[in-house]
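Student: Submitted below is the structure of interest, expressed as structure tokens.
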Amino acid sequence: MKRRIEVVLVVLTALLVLGAPRVWGQDDDDDDDEDQATLLKALPQARVSLEQALVASEHEGTPISAKFEMEDGKLQLSVYTMKGDKFFEVVVDHVGGKVVKVEAITSGGDLAAAKAQSEAMTKAKKSLRSVVAGAVTAHEGFRAFNVEPALKDGHPSAEISLAKGDETKDVTVTLE
């Protein structure tokens, strides 16, 4: 019995130590800040806007989200699309604007995100392209680098992340 208690204490101690950053409120926010800073530094390399990528991806289905991201240390422009009940990640060349890769989304967190985004876009009356263009127009000098739809209290909206240099802002726009 004493041995069992010792094992339990060792396991609980290990869990506490390994999980301590989360318990004490220190999570991956610092990593997220570093990732965003790296992305913002790379963003001027892109000649293609988020709106242009949304248009380019329409040949692969209805766009349901789009973002610039760092993939293996390189800038990438990714659009999720839906065609019927299937989902795809469409990678658009951020310099030339052509689709360079289309990959089915079939599992994991990407599939869960695509399903949630799809649900919001199914109820939307506005396209992502139009709300992104509107947000960019309303915030002179800013460039959209992420758009993600969601349902809030049953109503579709999109959160659009904008950047000008290292300054960022998030704008939420209704899709109704």
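Student: Taking other Cβ within 10 Å of each residue's Cβ, how do Ser78, Ser107, Ser57 sort, fewest first?
Tutor: Ser107, Ser78, Ser57
Student: Rank these for me by crowding, Met82, Met121, Met70, going from fewest to most other beta carbons within 10 Å.
Tutor: In order of increasing Cβ crowding within 10 Å: Met70, Met82, Met121.
Student: Tell me which residues come under 5 Å, amide H to amide H, from His94 once H is placed; ignore anything under 5 positions away on its chain.
Tutor: Result for His94 returns Leu77.
Student: Follow-up question, since we're still on this one. For region 69-86, take each phi angle, set θ = phi - 60°, evaluate the Karplus expression 6.51 cos²θ - 1.76 cosθ + 1.60, and give the result in whole Hz per residue in order, putting x for glycine and proline.
Tutor: So the Karplus estimates, Gly and Pro as x, are 8, 9, 10, 6, x, 10, 5, 9, 10, 10, 10, 8, 10, 10, 9, x, 9, 10 Hz.
Student: Tell me which lysines have Cα within less than 19 Å of Lys41's Cα, excluding those fewer than 8 residues away on the same chain?
Tutor: Lys67, Lys74, Lys164, Lys169
Student: Taking the C-alpha atoms of region 47-174, how large are the radius of gyration and the largest Cα-Cα span, Dmax, in Å?
Tutor: Rg and Dmax of region 47-174, Cα atoms, are 13.7, 39 Å.
Read the figures in this text as sums done on the coordinates, not as results from a lab. These numbers come from a predicted model, not from an experiment. Methodologically, a virtual Cβ is constructed for each residue, glycine included, from the backbone with ideal geometry; neighbour enumeration extends over all protein chains shown.
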